[in-house]
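Working notes, structure below.
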Amino acid sequence: MTKRKGITYYKTRMDAQRVADTCIDKPILHFGELIAAKPRVVEYELGYAVQYCISGAYYPQLEG
C-alpha cells in the first residue's frame, strides 16, 4: 500500500476491491449533492485506487 496526496494505492486489485466493497452506499458529497457511493477500482502506475463514484473523490477522502 502506498499513499500519495491523500489517496491510498493498493498493490493488488483484490486488496482495492475489498476496500471498495466496504464503501458501497456510504453517503458522499459529490458536486454539492449527497449521494450513495458506487465505488470502483482504478489502476494507476502507483497501484490500484478506490474511487467513490465516477468523477468523484478517492479513498479515503470521504467528503460526506
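Odds and ends about this structure:
- Degrees between helix 13-23 axis and first principal axis of the chain (Cα, 0 to 90, nearest 10): 20
- In the context of the full set of protein chains, the chain has a per residue accessible area of 67 Å² (1.4 Å probe).
- Look at [x] -0.55, -1.11, -1.45; [y] -0.50, -0.94, -1.25; [z] -0.49, -1.06, -1.60: the one that is log10 I(q)/I(0) by the Debye sum over Cα atoms at q = 0.17, 0.24, 0.29 Å⁻¹ derived from this structure is [y].
- The chain, accessible surface, carbon-and-sulfur percent (1.4 angstrom probe): 54
- Low-density loop cleavage sites - GluC sites (Glu not before Pro) in the chain, where at most 10 other Cβ are within 10 Å (DSSP): Glu45
- Extension gain (nm, one decimal) between Lys26 and Leu46, 0.36 nm per residue minus Cα-Cα: 4.7 nm
The values are calculated or read from the model by the stated rules, or taken from the named source; none is laboratory data. Predicted model only: the values in this text are computed from it and were never measured. FYI the Cβ positions are ideal-geometry reconstructions off the backbone, even for glycines, and counts take in every protein chain you see. Side chains are part of the model used for accessible areas, which takes the heavy atoms of the whole protein and leaves out ligands, DNA and RNA. Shrake-Rupley method; radii C 1.70, N 1.55, O 1.52, S 1.80 Å.
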